[in-house]
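Structure first, then comments.
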Amino acid sequence: MPHPDTIATVPSNIRILAPEGLMRRVRSGFIRSRVSSGITLICLVLASPLAAQVPTGQGPEVKLVTPRIDLPLDDPVVIQALVRPMPGRSITSVYAFVDDVELGVRTRAPYRWVIPLDDEATVIHIRVVAKDSVGIETHIEEMVTRMPGMRFTAEVPAVTLNLAAIDNNERFISDLGVGELSITDNGEPQEILDFARGEAPLRISILVDQSNSMADKMEETIAALGKFLDQLGPDDQVKLMAFNDRVTSYTPFTNVHELVASFAQVIQPEGSTALYDAVLYGYRQIASQQDARERRVIFVLTDGDDRESRNDLTQVLNQVRNGGVTIFAVGQGDALGDGDLRDILLEMAEQTGGEAFFERDKNKLDGVFTQISVAMRALYLVSYRPTDLTRGWHEIDVKVSRPGLSLRHKPGYDRTATQ
C-alpha cells in the first residue's frame, strides 16, 4: 500500500520499494525511493521507444605520449595524449586529470597540458578521458613514478612530415588510412603519433618575388594568386610577403583571404633578388606559430636566380626540412632558360616533399596555381617520435600497403645537438 503522503494511485506496472531500496529496474523505467523526514520520495523516469539510446561501440583510441621517466628534464611536467577517433567520427573533448584534479578540456589537437610538479611528489596519477561525436568515452590511466635522481621528461621532439599519395595516373589519393602506412627512421620501424588529412588546416607563407624582372608579369601573377586564395578552406591561414633584396610582410597569418588578395594588389617591382633569405624568413614565420596540427607550406613565386642572399641554399633547406614545412614553387619567365633557377626550385621541392612548377607564359598561370592548390590540399600530416636519437642525418622511408601508389615526402632530417 502506498505511503499516505505519496501519490494516490500507482500504475500497475510500478511497485513501491521499501525505503532502504535505492534503485530497482522495473518494466517501464527506474524507481528511486529515499527516506527523508519520514516521507518516501518516489522519482520515476519513464522509458520510451523514442528515448535517446545510450551510445555503444568502440570509442576513441587514447595513448599517453608524455610524461615518461626515461629521460631527464626539469619541471614543469608536460602531459600530452594522442587521440584518434573511429572512422566517420570526430573528437569533441579531451580532459586530463592529475590525482583526480581536472586540468581542463581540449577540443582540438594537440591535446597537451603543462603543470608544475611538487618537489616532494614521487608518484602522480594521470587520467585522460576522450569523448567522440557520438558520445562514446574512452580513458587511459597511468601511475607515473619519479625514479631517484631523475625528473619527469617532456616529449622527445616529434618528426613531422607532409605526405602526398599519387596513383599511376598522377592523381592525388585522399582516402588513405593510417593503417596503410609504415615508417622507418634510419631503418628502425616507428609508431605513427598523428595522422590527419583534410581536417588539418593549411598554414601558408606566400613569397612573391617583387624584383625588377617581375615588372612585365606582376599583374598576371597577382591575378592568379587571387584565384588561388579563393580555393583555400575557411580555416587555412595565409601570410603574404614579397621579396627583392629584403622581405616585406604585407599581412599577418589570417584566414580572411580577401584581405590577403587586396594587399597583394599593392606589390610593386623593384630591386634585386634574395631568394634564399626570403625562404628562410617565410619558414621562421611559420615556425613561430604554436599550433602544430597543421599542414605547413611555403609557396614561392619567382622569375630569377638568387643575387643577394646572405644564407646559402643548404643552410636554408636544412632548417625548412627539419621543421616539417613543404615548399611549392613556381618558376616563371626567361630565367628558366639557363637551367639554374629550374634546378634550385626542384631541389627546394624535392628536399621538403613539395613540387616545383615552371611556366614561361604569364597568361597560363591560372592553371598552374590551380594545380598547386590541389596538391596542397591533398597533403597528409604525419608525425612520429623517433626511437633513434643519434645525431646526424636520419633517412625517412614511408611505405604504403595499397598497390599502385607512390608517396612523396621529405627524404629525411638532420638531428643536431640542439634537437
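Sites listed here are trypsin sites (Lys or Arg not before Pro) in the range 352-393 whose DSSP assignment is loop and whose Cβ has at most 11 other Cβ atoms within 10 Å: Arg391. For Glu180 and Asp99, the FRET efficiency from 1/(1 + (r/R0)^6), where r spans their Cβ atoms and R0 equals 35 Å, is about 0.30. Divide the volume of the convex hull around the Cα atoms of the range 159-261 by the residue count and you get 184 Å³ per residue. A Förster radius of 25 Å, combined with the Cβ-Cβ distance separating Val256 from Leu346, puts the computed FRET efficiency at roughly 0.15. Legend: distances between Cα atoms for Lys217/Lys239; Lys227/Lys362; Lys239/Lys399; Lys239/Lys362; Lys63/Lys410; Lys217/Lys410; pairs beyond 25 Å are Lys239/Lys399; Lys63/Lys410; Lys217/Lys410.
Across all Cα pairs in the range 259-397, the calculated P(r) in 5 Å bins from zero up to the longest distance comes to 2, 8, 17, 21, 22, 16, 8, 4, 2, 1 percent per bin. Can you pull the percent of Cα pairs in the range 156-419 with separation above 27 Å? Above the 27 Å cut-off, the range 156-419 has 35 percent of its Cα pairs. Between Phe263 and Gln231, residue separation times 0.36 nm minus the direct Cα-Cα distance comes to 9.8 nm.
Relative to one another, the C-alpha centroids of the range 82-113 and the range 261-325 are positioned 34 Å apart.
Taken as Cα centroids, the range 347-419 and the range 182-207 sit 10 Å apart, rounded to the nearest whole angstrom.
Read-outs: derived from the displayed coordinates by stated rules, not from any lab. On a predicted model such as this, the values are computed, not experimentally measured, just so you know. Positions of Cβ are generated from backbone atoms using ideal geometry, with glycine treated the same way; all protein chains shown enter the neighbour counts.
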